[in-house]
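The structure appears below as structure tokens.
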Amino acid sequence: MLDGDALRALIALERPARPLVVIAAERYLQRHYAGPLDRERVAAHLHCHPNHLSRVFAAAHRGGLRGYLN
């Protein structure tokens, strides 16, 4: 039987890490917050499709890109 610490460690291993595109988008948004931002501009910077960016970002952040900025 697993103790509490071992169980938490096991659960942490099973959680998927945030995709790199989400981490890169977060950095871009933080660095360019004062300027004009839209998903097309962020996606172009990250070399991905805007729909893909929206879907992956929304999975990591409940409010999506707009919610992350507010």
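The values are calculated or read from the model by the stated rules, or taken from the named source; none is laboratory data. Because the structure is a prediction, the values reported are computed rather than measured. All Cβ positions, even for glycine, are placed from backbone atoms using ideal geometry, and neighbour counts span all protein chains on display. Remember, those area values only see protein heavy atoms, side chains included, never the ligands or the DNA or RNA. Shrake-Rupley method; radii C 1.70, N 1.55, O 1.52, S 1.80 Å.
Tell me whether segment 1-17 contains one or more residues that are surrounded by 10 or more Cβ atoms within 10 Å (Cβ to Cβ), at pLDDT below 95 and within 11 Å of the chain's Cα centre (by Cα).
No, there is no match, as no residue in segment 1-17 is surrounded by 10 or more Cβ atoms within 10 Å (Cβ to Cβ), at pLDDT below 95 and within 11 Å of the chain's Cα centre (by Cα).
Pick from segment 30-70 the residues that are open to solvent by 90 Å² or more (accessible area, probe 1.4 Å) and part of a loop (DSSP other than H, G, I, E, B): which of them is modelled with the lowest pLDDT?
ASN70
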